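In what follows, a structure is listed as structure tokens, so that the remarks can point back to it.
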Amino acid sequence: MAFAIQFVIDVLSLGGAYALMALGLVIIYGILRLVNFAYGELIMVAGYTLYLTGGSGLPWIVTAVLALIMAVVFGIFTDYAAFRPVRAKSVTAVLITSFAFSNLLQNAALLFISPRPRYVPLPEVFSQTVTIAGAVTPVRNLLTIAASIVLLAAVAFLMRKTTLGIAMRAAASNFTMARMLGVPANLIISLAFALSGFLAGVVGILWIGRIGTVVPGIGLEPLLVAFIATVIGGMRSLPGAVIGGFLLAFIDTTLNYTLSQDLLKFRDAFTFGLVILILLWRPDGLIKGPASGQRT
Amino acid sequence: MLDVRDLSVDYGSIRAVRGISFHLAKGELVSLLGANGAGKSTTLKCLAGALKASGGSITLGGTAITSSSPEQVVRAGLATVPETRDVFPDLTVAENLMLGAYIHRRDRAGNRDNLDRVHTLFPRLAERKHQAAGTLSGGEQQMLVIARALMSRPTVLLLDEPSLGLAPAIVDRIFEMIDTLKRTGLTIFLVEQNVSQALALADRAYVLRLGKIVASGTADEIRSSTDLSAHYLGG
């Protein structure tokens, strides 16, 4: 029983973090048909904000809010610096500018902060554990589950019930037509980047809550995870990204539990092998996105 | 109401529309006729702000909208129904209509009244308001895109080939709708290949061939010109 509870909590907490990462990536992809490769650096920005404000004497929660704000600001800034100037050109151009922007931020962190991992002060709650029906589990896992439930519900509400959210979904399906109805293109795109930045910020805080330090390359793994989750779930579907995130976490956690110590270092190979099988079965991902639509 | 002068539009290196001029008076239904490739849809896309004009001017109620973006054009009062019948397939009928009223989103009471009016015109859409637009039939989707355009409370409605690809019985119903809209006093610019049905509704018409207007006049004049029918409009 305790084992089952432990497993479910592990899957849900890792899955929640993965789902939020994937959602942040797919929100941009849905509208622009472009992968934001600088997405991982938004997580880095949140991490370094926590680090830099950590010694300032501000309450931790204030530093966390600042980290979120910085991730949102840098999200919008990504649009202005890497996407907007070349959006109308080619996919290749945007691919390169988003890689360049990602590199620029990483190198800025290397140069101005440090190439070495920096310890990020975290409130005690991140290192405490609780016992649920015999299963000892870190509180941060429960926090991750709670945060992902709240945020997934909030994003679902925004996308389904508000005019702006519906306009974002419409823009994701047919950008030109949405503009012909008066939906302001640039505002919708900036909003998508802001939302993506916000999700990256939350993921950043939760991720650092797990590992406790920040390095310039911290965003790479979340970016890769988000990318794989969206590919499994369907690149253009928001529910698909969430399902992909949880599925990937289920695969990872199952392998963690079942593989022997010798095989565990090959876990990613097993994971990707399974991902390939899923994609052979459903090449478009588990959930298909809107039927029509073109790159803008 | 709508005044177009010497409009030229390029498609890449090809000049698809070559210096055409036409106008619509308030409450008029004017049709733009022509065979495939005559430049009809290009003209319309340019009016809608989706294509840039390479020369000439477009004014709507005295305001220049020649180089306006699609967002600005619809705010100026020109609503477009494209020939591709672009519903948002994953959104419900109600959400599609709600987006039609995007530019008036703060005026909730006005939108409710307008929605009632649209539902009276298209009762089928009221029945299917919770259905995903992508699951509607072709005829219903056509009704939805027209209804969605009306939600923006336009002063001029641009209709691009509303009969394209629809069964004859449905086409008749769509033209009945257009006639009803005309009687409400709406100014309508109807781009059509279906010459006889377009002329049955239109007050006046222009005939486009290879990007130039080759004839214009009242619907009767165009209809009685056997020469035009034979050469440009396919009988």
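The table for this structure:
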item: Under 5 Å, built H, 5+ apart or other chain: amide partners of B:LYS212; result: B:ARG18
item: Inter-centroid distance (Cα atoms) of region A:18-38 relative to region A:105-183, Å; result: 12
item: Estimated dipole of chain A in Debye, rounded to 20 [Cβ of Lys and Arg +1, of Asp and Glu -1, Cα centre]; result: 820
item: Most mobile of A:THR162, A:THR78, A:THR176 in a GNM of chain A (Cα contacts under 10 Å); result: A:THR162
item: For chain B, calculated [θ]222 nm from helices alone, where every DSSP H run of n ≥ 4 adds -39500 (n - 2.57); result: -11000 deg cm²/dmol
item: Residues of type lysines that B:LYS40 reaches as a straight line, Cα spacing below 24 Å, ignoring anything fewer than 8 places off in the same chain; result: B:LYS26, B:LYS52, B:LYS182, B:LYS212
item: Computed E for A:LEU220/A:TYR80 - FRET, C-beta separation, R0 22 angstrom, nearest 0.05; result: 0.40
item: B:ARG5/B:ARG183 FRET efficiency (R0 30 Å; Cβ-Cβ; nearest 0.05); result: 0.55
item: Nonlocal amide H pairs with B:THR92, under 5 Å, H built at 1.01 Å; result: B:ALA133
item: Sequence-distant residues sharing a close amide H with A:ARG236 (under 5 Å, placed H); result: A:GLY289
item: Within region A:19-54: backbone nitrogen closer than 18 Å to the A:ALA93 label point (7 Å, Cα to C-beta); result: A:32-37
item: Length released on extending from A:LEU279 to A:LEU264, taking residue separation times 0.36 nm less the Cα-Cα span; result: 3.1 nm
item: J(HN,Hα) series, region B:172-187, from Karplus relation 6.51 cos²θ - 1.76 cosθ + 1.60, nearest Hz, glycine and proline x; result: 4, 5, 4, 5, 4, 4, 4, 4, 4, 4, 4, 5, 7, x, 6, 7
item: Convex hull of region A:21-221 built on C-alpha atoms - directionally averaged projected area, nm²; result: 12.5
item: Using θ = phi - 60° and Karplus 6.51 cos²θ - 1.76 cosθ + 1.60, couplings along region B:117-127 (whole Hz; Gly, Pro as x); result: 4, 5, 5, 5, 5, 10, x, 4, 5, 5, 5
item: Fewest-first ranking of B:GLU127, A:GLU41, using other Cβ atoms within 10 Å as the exposure measure; result: B:GLU127, A:GLU41
item: GNM flexibility winner over chain B from B:GLY139, B:GLY217, B:GLY27 (Cα, springs under 10 Å); result: B:GLY217
item: Surrounding net charge for B:GLY55, when Lys and Arg each add one and Asp and Glu each subtract one, Cβ distance under 11 Å; result: +2
item: Net +/- balance of residues flanking B:LEU29 in space, Cβ distance below 9 Å, scoring K and R +1, D and E -1; result: -1
item: Test item: B:95-101 mean partner chain Cβ contacts at 10 Å; result: 4
item: Dipole magnitude of region B:99-235 about its Cα centre (Cβ charges: Lys, Arg +1; Asp, Glu -1), debye to nearest 20; result: 640
item: Where only alpha carbons of the protein assembly as shown are counted, the Rg and the Dmax (Å); result: 27.8, 92
item: Fewest-first sequence of A:TRP207, A:TRP60, A:TRP281 by Cβ atoms within 10 Å of each Cβ; result: A:TRP281, A:TRP60, A:TRP207
item: Theoretical FRET efficiency, 1/(1+(r/R0)^6), r = Cβ-Cβ of B:VAL214 and B:SER57, R0 22 Å, to 0.05; result: 0.55
item: GNM flexibility winner over chain B from B:ALA38, B:ALA202, B:ALA109 (Cα, springs under 10 Å); result: B:ALA109
item: Residue-by-residue Karplus 3J(HN,Hα) for region A:250-267, coefficients 6.51, -1.76, 1.60, Hz, glycine and proline x; result: 4, 4, 4, 5, 4, 5, 4, 7, 9, 6, 6, 3, 5, 7, 4, 6, 9, 3
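Quick note: the coordinates plus some simple rules give every number you see, no bench work behind them. Remember, it's a predicted structure, so these values are computed and weren't measured experimentally. Please note: Cβ atoms are built from the backbone with ideal geometry, for glycine as well, and neighbour counts cover all protein chains shown.
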